Amino acid sequence: MIVDWEAEFQRTIDADSRIEPRDHMPESYRATLIRQIAQHAHSEIIGMQPEGNWITRAPSLKRKAILMAKVQDEAGHGLYLYSAAETLGVSRDQLIELLHTGRQKYSSIFNYPTLTWADIGAVGWLVDGAAICNQVPLCRCSYGPYARGMVRICKEESFHQRQGFEILRVLSAGTAAQHAMAQDAVDRWWWPAIMMFGPTDDESTHSQQSMTWGIKRFSNDELRQRFIDMTVPQADALDLTLPDPALRWNDERGHYDFGPIDWAEFWQVVNGDGPCNRQRLAQRVAAHVEGAWVRDAATAYAAKRADPGAGQAGSSTAAA
Amino acid sequence: MTQLATTASVPAYVLRLADDALILAQRLGEWSAHAPELEEDVALTNIALDLLGHARMLLSYAGELLGGRTEDDLAFLRDEREFVNCQLVERPNGDFAATVARQLFFAAYQCELYAALGESADATLAAIADRAVKEVSYHRDHAVQWTLRLGDGTPESHRRMQAGVDGLWPYTSELFESDDLLLALVAAGVAVDPVALRPAWSGFLGPVLAEATLTVPETTWAPSGGRRGLHTEDFGLLLAEMQHLHRSHPGASW
Ligand SMILES: [Fe+2]
Ligand SMILES: [Fe+2]
């Protein structure tokens, strides 16, 4: 029996069912998913840097514990996502190599620095908040392993967003210096967070095909608007101002209007000239290079265990 | 007389246990996003979180005994000379092998300590120890696995692991020192006699080091003083980093 697998693939997508690793899929679908999942995984592990930056300085033990747990979650997200990508036939090592050589990207938001403690609040509230808007629809993505990974990740992201909000709430209601620190952080993170949704719909290159394939469910502009609508009332609750004088409710649209986005800044950071692009990549590469001897040792040790004759005779059985 | 001495010295003892856990958690936190592989980022943070959890329970208990001091008061508002952790836990991370050696020596000690402390006449300490012993035995397993891999891995990893052992071994003798405070609390059934932990500790480590093809250095140097608030020069920098933000905003909440 000859099965027309391309028709079968499209029927699966159209029925809103999941494509699984063993199913036939068009090469371009596979390539698109690999690119997107890898970029997502890279973002999780690069994102550990700006937040890890404050672990040793967190101002209370409770905050230190929460921040450590959050950064650990991000490492875990990286692990699930690399595993999801591996089901498409690429290895984690290959993807890491593509990241380290600049051939795959990570979310540009992590190219901004965390300068004060309030930045940890702003990152949780705005960056994890924007990530949730982007990621919740991915729980229904047409590729099964990615969709299932996202369900688990989204649960943790909502805890991340809440802890960020909570940091800012306490700061905003705290001393004058703490309130100012919170406002300054929101002033610096608002626009970069808005840019996390990517270019406007008419500029976005991969969007249309991804929508047809059920990888993407909503357009960049729809998700951006959803994020803004969700966040403005939260800013009011925090008693903090969002740095956009044009931000106001539009009854007719049923949405908040907002001011023009500085796309020159967006492209500058995407293309490598943000404040921390070089630093982030250099630290990632350094951790990898400096850890090579550790990974080699683990491999060599495992090989000796598998074939004791291959190592120095007797060394691994000395204490048996 | 003994009863009075004991009442006054329990918080001093609890602080020793708390500071060991807190300072090691702080050191391990420095590894974040710098580990040799992603799985180790997760594992080292996990260990740091466990230790921080133990430190918080112990600091809260010490603060209660001292009369209305919080865990944060004790962590952020004491100076170098008031910290009573052992010097081993404050040693800089070094390379991954040095971190593994520090973990191995310290987790093996904590396993014996908390197992014995589970029998303490102080019910709060006994309960904390019971809970912590399960976690530190995982920390010890983790360190053993890496000690074996690095010790018996490649020539480079062997050289680095041996250097880690050589560099940190002298700091282990402080773990097993006793003093008047401990003697009084051991007599009262509150504290564990550290001298008594050494045979089990050595008995555990000997076979691990042998299997890892590592040797214990011959040395007469036995740095000490942490329990009296005498630390290494690196410690002041660790505290400066840990405390500066909290101290920059006196009285603020976070
Ligand atoms: Fe994440
Ligand atoms: Fe997150």
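The values are calculated or read from the model by the stated rules, or taken from the named source; none is laboratory data. Being a predicted model, the structure only gives us computed values, none of them experimental. Because the Cβ atoms are built from the backbone with ideal geometry, glycine has one as well, and the counts that use them run over all protein chains shown. Protein only, heavy atoms only, side chains kept; ligands, DNA and RNA dropped before computing areas. Shrake-Rupley method; radii C 1.70, N 1.55, O 1.52, S 1.80 Å.
Scaled to the globular estimate 2.2 N^0.38 Å, the Cα spread of the protein assembly as shown, given as radius of gyration, is 1.08. Among B:A191, B:A240, B:A107, which one shows the biggest mean-square fluctuation in a GNM of chain B, springs joining Cα atoms closer than 10 Å? Among B:A191, B:A240, B:A107, the largest GNM mean-square fluctuation belongs to B:A240. For the range A:103-224, the equivalent ellipsoid built from the Cα gyration tensor has semi-axes of 30, 16, 11 Å, listed from largest to smallest. Taking each of A:K62/A:K105; A:K70/B:K134; A:K64/A:K105; A:K105/B:K134 in turn, the alpha-carbon distance tops 31 angstrom for A:K62/A:K105; A:K105/B:K134. Over the range B:115-202, the fraction of Cα-Cα pairs per 5 Å bin, rounded to whole percents and listed from the shortest bin up, is 3, 12, 15, 18, 19, 12, 9, 7, 4, 1. If you roll a 1.4 Å probe over the range B:98-254 with all protein chains in place, what percent of the accessible area is carbon or sulfur? Answer for the range B:98-254: carbon and sulfur cover 56 percent of the accessible area. If the elastic network links every pair of Cα atoms under 10 Å, which of B:V195, B:V89, B:V136 fluctuates the most in the Gaussian network model of chain B? Its mean-square fluctuation being the largest, the pick is B:V195. Shielding of peptide B:151-160 by partners, expressed as the average count of other chain Cβ atoms within 10 Å per residue Cβ, is 6.
Computed from the C-beta positions of B:A252 and A:R11, the FRET efficiency with R₀ = 41 Å rounds to 0.10.
Residues considered: B:H139, B:H244, B:H158. Largest GNM mean-square fluctuation over chain B, using C-alpha springs under 10 Å, is found at B:H244.
Think of each Lys and Arg Cβ as +1 and each Asp and Glu Cβ as -1; about the Cα centre, that makes the dipole of the range A:1-100 roughly 860 debye.
Looking at the protein assembly as shown, the accessible area is 41 square angstrom per residue; that uses a 1.4 Å probe and ignores ligands, DNA and RNA.
Convex hull volume per residue, computed on the Cα atoms of chain B, equals 125 Å³.
Computed over the alpha-carbon pairs of the range A:1-92, the distance histogram in 5 Å steps reads 3, 12, 17, 15, 13, 11, 9, 7, 6, 4, 2, 1, 0, 0 percent, short to long. Per residue, chain A reaches -19500 deg cm²/dmol at 222 nm when only DSSP H runs of four or more residues are counted, each adding -39500 (n - 2.57).
Extension gain for B:D166-B:A200 works out to 10.2 nm (0.36 nm per residue, less the C-alpha to C-alpha distance). Shown are A:E44, A:E222, A:E156, whose ranking by accessible area with a 1.4 Å probe and every protein chain present, most to least, is A:E222, A:E156, A:E44.
Heavy-atom accessible surface, probe 1.4 Å, ligands and DNA/RNA ignored: which residues of the range A:163-181 lose at least 30 Å² versus the isolated chain? Residues passing the criterion (a loss of at least 30 Å², heavy atoms only) are A:V170, A:Q178, A:M181. Counting protein heavy atoms only and a 1.4 angstrom probe, how many square angstrom of accessible surface do chains A and B bury in total, to the nearest 100? Separately minus together, A and B give about 4200 Å² buried. For the set A:E97, B:E30, B:E119, solvent exposure ranked by accessible area (probe 1.4 Å, protein chains only) runs largest to smallest as B:E119, A:E97, B:E30.
Under the convention that each Lys and Arg Cβ holds +1 and each Asp and Glu Cβ holds -1, the size of the dipole of chain A around its Cα centre is about 1240 debye.
Note that chain A shows a convex hull volume over its alpha carbon atoms of 181 Å³ per residue.
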